[in-house]
Amino acid sequence: MGSSVNKVVGTVVGGVTGGLLGSVFDDSHSAKHAQRRAQQQQSAILKEQQKILEQQQADALAKRKEQIDQQREQIIGGNYSTNRTSTTGLAGGIRGKLG
């Protein structure tokens with residue numbers, strides 16, 4: 001009878017120890033999996049932000065080119081002026097000095 005008691009106790013202790021080790025392994029595996037998933041999500045967010053930034057830069061460049069084209073048209077047409085003078089004012093001043 002004594003030998004059967006030892007077998008039962010040994011099995012119970014072994015089962016609890018095995019359960020604890022299994023739990024630690026499962027927690028470690030779950031943590032690694034969660035970390036990997038978080039890194040993938042962060043990578044996806046960074047890629048999306050990069051696409052948005054590139055689109056904003058392209059839009060800003062297109063808008064700036066459009067502004068430059070408009071200024072060129074105004075200069076050619078004589079309707080462009082700055083804070084200091086205007087193109088028509090310069091032409092009038094030059095005409096006045098040249099006679």
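Bear in mind these aren't lab numbers, they're just calculated from the coordinates by the rules spelled out. Since this is a predicted model, take the numbers as computed values, not measurements. Neighbour counts run over all protein chains shown; Cβ positions are idealised from the backbone, glycine included.
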Tell me, in nm to one decimal, what length is gained between residue 74 and residue 36 on full extension, where the rule is 0.36 nm per residue of separation less the Cα-Cα distance? 8.0 nm
Between residue 66 and residue 28, what is the label-to-label distance in nm when each label sits 7 Å out along the Cα-to-Cβ direction? 5.9 nm
